[in-house]
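Report on one structure; see the data block that follows.
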Amino acid sequence: MQTDVVLFGAAPKEDEALLQKAGKIIREGGLVAMPTETVYGLAGDALNPSSSEKIYAAKGRPSDNPLIVHIADMDSLQDIAVDIPDRAWKLADRFWPGPLTMILRKSALVPGETTGGLDTVAVRFPSHPAARGLIKASGRPLAAPSANRSGRPSCTTASHVLEDMNGIIPLIIDGGTVGIGLESTIVDLTSDVPMLLRPGFIDVHTLEEILGRISVDPSVNGLTDKSAHPKAPGMKYKHYAPKGELCIVKGPEEKVVEAINALSSEKEREGKKTAVIAAEETASRYQCALVRTIGSRSREEEIARNLFQVLREMDDLGADVIYTEEFDTPHLGMAIMNRLIRAAGHRIIRL
Ligand code: AMP
Ligand code: MG
């Protein structure tokens, strides 16, 4: 299959023609990759079981790992979910369209193939004009997981999608580099106390302004090992991992720089291609031949936006061993470290 990559956002008339073409592919049961404000999504008709099966196959994703259903207006929430609590409407009012996913009881309309057999459904109303336009043009809610092959870092540009999906899907809508760069915050509203299942751009404190106290799934902060059973099935899988062995080094700044320098020179002596991921503030202090700057600690949005790009770059460089600093920044640190800990397969050196 040939994969076309078509630009979105340059000319309104061409955008409309592109969305109509993409919408037709979706209605006919095919898949289209689309930009959202978080990461690129691989979209199919959420109400068509065979579209969901195609998504699992294209990603190489285990079919017990449910898909998020994307809608483009508030009313559609009632088609997808039942027993919707007041607090869900409050969250929707405040954060939709935007990077928040809610877990609710599913309606009979949503097939079990889309929800990985669960009786709950994950729903989001994205803000990106291409995503909203595609939902409207297809006339369907869209099941759209991140557009990466399962296990790889999520895609923040159309060329990442092409790397993973070339020859597998017919169309990639290219909206440039995404704005946020981390997947949506997921909150489960089916239990008495709402539970954060995946941290994202909208942080716990902001959610608590609307919800009061919320609990946090222990797997979110990497506090549990791989044998734990996180409530979001996807969180139990190895994810985001570069091909080389990634290790997080955390502790006081001086000690981290010293330790990474010692470790990386030892690995280089052993003949291993070694790389370091560092903040702008400390990058120049590493002696390793390959140092990648992820962004400034004073601009945490930049670190979030660059994270997956930097992890993919590690593969391009052919790094065997990678040491990274910790990026435990005030607002997005929980979301950034959740991805990094899983990318590192829980390999952490604490100083
Ligand atoms: P992705 O599609 O790559 O953004 O990942 C979606 C995440 O949402 C995965 O970790 C899923 O396991 C999780 N998820 C989707 N639907 C549900 C659900 N009904 N209950 C709990 N987690 C869900
Ligand atoms: Mg994903």
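Among the residues of the stretch 45-68 satisfying the criterion of being charged (D, E, K, R) and more than 11 Å from ligand 1 (Cβ to nearest atom), which is farthest from K24 (Cα to Cα)? Step through it out loud before you land on a result.
Quick first cut of the stretch 45-68, residues charged (D, E, K, R) only: 45, 53-54, 59, 61, 64.
This time we only want the ones that are more than 11 Å from ligand 1 (Cβ to nearest atom), so: 45, 53-54.
Working: D45: 11, E53: 18, K54: 16 Å.
The qualifying residue farthest from K24 (Cα to Cα) is E53.
When the strands (runs of 3 or more DSSP E) confined to the stretch 54-130 are screened for residues that are closer than 29 Å to G151 by Cβ and in contact with a Pro (Cβ under 6 Å, 6 or more places away or on another chain), those reaching at least 2 such residues are found at 68-70.
R305: at pLDDT 95 or above, within 30 Å of A122 (Cα to Cα), of a type in the set (D, E, K, R) and open to solvent by 10 Å² or more (accessible area, probe 1.4 Å), yes or no? Answer is yes for this residue. The set of residues in the stretch 105-140 that are within 15 Å of ligand 1 (Cβ to nearest atom), hydrophobic (A, V, I, L, M, F, W, C) and under 20 Å from the mean Cα position of the chain (by Cα) comprises V121, A122, V123, F125, A131. Please determine whether any residue of the stretch 199-222 is open to solvent by 10 Å² or more (accessible area, probe 1.4 Å), closer than 27 Å to I303 by Cβ, in contact with a His (Cβ under 7 Å, 6 or more places away or on another chain) and touching a residue at least 24 places away in the same chain (Cβ under 8 Å). Yes, the conditions are met somewhere in the stretch 199-222.
Within the stretch 132-152, restricting attention to residues that are away from ligand 2 (no atom under 16 Å from the Cβ) and of a type in the set (G, A, S), which residue is most open to solvent (accessible area, probe 1.4 Å)?
Here the residue is G139.
Looking across I68, I25, one residue alone is more than 28 Å from D192 (Cα to Cα), modelled with pLDDT of 95 or more, in contact with a strand residue (DSSP E or B) (Cβ under 9 Å, 6 or more places away or on another chain) and open to solvent by 10 Å² or more (accessible area, probe 1.4 Å). It is I25.
The single condition from (1) modelled with pLDDT of 95 or more; (2) open to solvent by 20 Å² or more (accessible area, probe 1.4 Å) that F125 fails is (2).
Does P129 satisfy the criteria of being touching a residue at least 40 places away in the same chain (Cβ under 8 Å), of a type outside the set (S, T, N, Q) and within 16 Å of ligand 2 (Cβ to nearest atom)? Answer is no for this residue. Filtered by the rule that a residue be farther than 19 Å from A137 by Cβ and either surrounded by fewer than 19 Cβ atoms within 10 Å (Cβ to Cβ) or within 12 Å of ligand 2 (Cβ to nearest atom) (or both), the stretch 39-53 gives V39, P49, S50, E53.
For the stretch 247-261, the criterion of being surrounded by 14 or more Cβ atoms within 10 Å (Cβ to Cβ), within 26 Å of the chain's Cα centre (by Cα) and under 14 Å from A319 (Cβ atoms) is met by at least one residue.
Looking only at the stretch 153-179, which residues are out of contact with any Cys (no Cβ under 6 Å at 6 or more places or on another chain), outside any strand (DSSP E or B) and open to solvent by less than 20 Å² (accessible area, probe 1.4 Å)? Correct list: P153, S154, C155, T156, A158, H160, D164, M165, I169, V178.
The values are calculated or read from the model by the stated rules, or taken from the named source; none is laboratory data. Since the structure is predicted, the reported quantities are computational estimates derived from the model, not experimental observations. Neighbour counts run over all protein chains shown; Cβ positions are idealised from the backbone, glycine included. Side chains are part of the model used for accessible areas, which takes the heavy atoms of the whole protein and leaves out ligands, DNA and RNA. Shrake-Rupley method; radii C 1.70, N 1.55, O 1.52, S 1.80 Å.
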